[in-house]
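Trainee: The structure is given below, and queries will be raised subsequently.
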Amino acid sequence: MSTTAVTKVRLRLARRRAGGRRGMWVRWSLRAGLAAGAVFMLAPFVLMVLAAVTPDRRLKPGSVSLSGFTLDNFRQAWHDVDWPGLYLHTVVVVAVVFAAQVLTSLPAGYALARLRFRNRGLSFWMIMLCLAIPPQVTGIPVFYALSKVNLLDSYTALVLPSVGSAFGIFLFRQFVLSLPQSVFDAARLDRVGPVAMVWRMVLPNVRPALAAFAVFTVVGHWNDLFWPSMLLRSDRVATVPYGIARYAAPDSLSTYGTQMAAATLATLPLLVFFLLVQRQLVRGIALTNGGE
């Protein structure tokens, strides 16, 4: 082998080693960043749990420890709050909202993805504009309308403002776009109509998207305090956030430890739900990258 060839081989090996070192540093930097982000996100939850299992006499401003581990805060919080009622009300609201949003968002997402009609693009961008409008903007008009028809302090008041979901339409549109066009062509050859197409062809194929959408819907409405605090006047249909807010109010007799125990009890159902559907959530998000 000539000297020139040997030099080229050495240069290629040197570049490969340098690239490998750079790649290693990049990977470790990404891992360090992810670890720091995880610590930052989990720290409030860890402090909440530590405060919940620490006796009130040992809780000091700015420090929480496991010294004197106790479950008395959980017993007291469970005794003070009607948890079965709060859980039941919240599950009913979340389930009805999720069903209503699927019934409205899935057909709209299919229409925007596969049907050809005038101003389809404009319709899609108007729906995307709705994502930029916070619910606080429409809060007063919704409150006024529901008060005029005597629907305040009811399940209907908690469900109606969330029947439509611009995010759900976007998510299902993207997922329908990722499905092969041949599926829809074959269904049309079998004379499947638009309504049957949505519920017989699209719905069975969008289960990952349904799982992802369920997570966002359940988490969002389980933690929602804005609509309950505006539309409820009593504990008759109180949800978990509304009950916790009243329990932790400044004029209440609850202690800091029992408040943290109540917050932990409010979080546990969401944690269990997320652990059950985490695989479907990741798959659903990964598959919603279709394009026209």
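The values are calculated or read from the model by the stated rules, or taken from the named source; none is laboratory data. Because the structure is a prediction, the values reported are computed rather than measured. Note that each Cβ is placed from the backbone with ideal geometry, even for glycine, and that neighbours are counted across all protein chains shown. For accessibility, only protein heavy atoms count, side chains too; no ligands or nucleic acids. Shrake-Rupley method; radii C 1.70, N 1.55, O 1.52, S 1.80 Å.
Trainee: Is one or more of the residues making up the range 238-258 at pLDDT 85 or above and farther than 30 Å from residue 54 by Cβ?
Mentor: no
Trainee: Same structure again: Out of the residues in the range 213-263 that are without any contact (Cβ under 8 Å) to a residue 12 or more places away in the chain and assigned to a helix (DSSP H, G or I), which is surrounded by the fewest Cβ atoms within 10 Å (Cβ to Cβ)?
Mentor: Here is the first cut: in the range 213-263, the ones without any contact (Cβ under 8 Å) to a residue 12 or more places away in the chain are 220, 246, 249-253.
If we keep only those that are assigned to a helix (DSSP H, G or I) as well, we get 220, 246.
Working: 220: 14, 246: 16.
Looking at residues that are without any contact (Cβ under 8 Å) to a residue 12 or more places away in the chain and assigned to a helix (DSSP H, G or I), I get 220.
Trainee: Moving to a separate point now. How many of the residues in the range 109-137 are in contact (Cβ under 8 Å) with a residue 40 or more places away in the chain and either open to solvent by 30 Å² or more (accessible area, probe 1.4 Å) or in contact with a strand residue (DSSP E or B) (Cβ under 6 Å, 6 or more places away or on another chain) (or both)?
Mentor: Residues flagged as in contact (Cβ under 8 Å) with a residue 40 or more places away in the chain and either open to solvent by 30 Å² or more (accessible area, probe 1.4 Å) or in contact with a strand residue (DSSP E or B) (Cβ under 6 Å, 6 or more places away or on another chain) (or both) within the range 109-137 amount to 6.
Trainee: Oh, and also: Any residue that is open to solvent by 20 Å² or more (accessible area, probe 1.4 Å), assigned to a helix (DSSP H, G or I) and at pLDDT 85 or above - is there at least one of those in the range 182-191?
Mentor: Looking only at the range 182-191, we keep the residues that are open to solvent by 20 Å² or more (accessible area, probe 1.4 Å), and these are 182-183, 185-186, 188-191.
Then keep just the ones that are assigned to a helix (DSSP H, G or I); that gives 182-183, 185-186, 188-189.
Imposing the further condition that a residue be at pLDDT 85 or above reduces the set to none.
Scanning the range 182-191, I find no residue that is open to solvent by 20 Å² or more (accessible area, probe 1.4 Å), assigned to a helix (DSSP H, G or I) and at pLDDT 85 or above, so the answer is no.
Trainee: Can you pull out the residues in the range 138-165 that are open to solvent by 70 Å² or more (accessible area, probe 1.4 Å) and either touching a residue at least 24 places away in the same chain (Cβ under 8 Å) or farther than 25 Å from residue 214 by Cα (or both)? Please lay out each step first, then the result.
Mentor: Going through the range 138-165, the residues open to solvent by 70 Å² or more (accessible area, probe 1.4 Å) turn out to be 140-141, 144, 148-150, 155, 160.
140, 141, 144, 148, 149, 150, 155 - these are the residues of the range 138-165 that are open to solvent by 70 Å² or more (accessible area, probe 1.4 Å) and either touching a residue at least 24 places away in the same chain (Cβ under 8 Å) or farther than 25 Å from residue 214 by Cα (or both).
Trainee: Take the conditions at pLDDT 85 or above and not hydrophobic (A, V, I, L, M, F, W, C) and apply them to residue 33. Does it pass?
Mentor: Values: at pLDDT 85 or above: yes; not hydrophobic (A, V, I, L, M, F, W, C): yes.
Yes; evaluated as a whole, the condition is true for this residue.
Trainee: Being touching a helix residue (DSSP H, G or I) at 6+ places or on another chain (Cβ under 8 Å) and among the basic types (Lys, Arg) is the filter here, so list the residues in the range 205-236 that pass it.
Mentor: Our first condition is that a residue be touching a helix residue (DSSP H, G or I) at 6+ places or on another chain (Cβ under 8 Å); within the range 205-236, this holds for 205-219, 221-232, 235.
If the condition is that a residue be touching a helix residue (DSSP H, G or I) at 6+ places or on another chain (Cβ under 8 Å) and among the basic types (Lys, Arg), then 207 is the only one that fits.
Trainee: If you don't mind, there's one more thing I want to ask. Any chance you could count how many residues in the range 166-180 are open to solvent by less than 20 Å² (accessible area, probe 1.4 Å), of a type outside the set (A, V, I, L, M) and under 17 Å from the mean Cα position of the chain (by Cα)?
Mentor: Final tally of qualifying residues: 2.
Trainee: Taking only the range 40-54 into account, find how many residues are farther than 16 Å from residue 262 by Cβ and either modelled with pLDDT under 85 or not β-branched (Val, Ile, Thr) (or both).
Mentor: Number of matching residues: 4.
Trainee: Yes or no: residue 101 open to solvent by less than 20 Å² (accessible area, probe 1.4 Å) and in contact (Cβ under 8 Å) with a residue 12 or more places away in the chain?
Mentor: yes
Trainee: Follow-up. Within the range 116-150, count every residue that is modelled with pLDDT under 90, aliphatic (A, V, I, L, M) and under 23 Å from residue 95 (Cα atoms).
Mentor: 1
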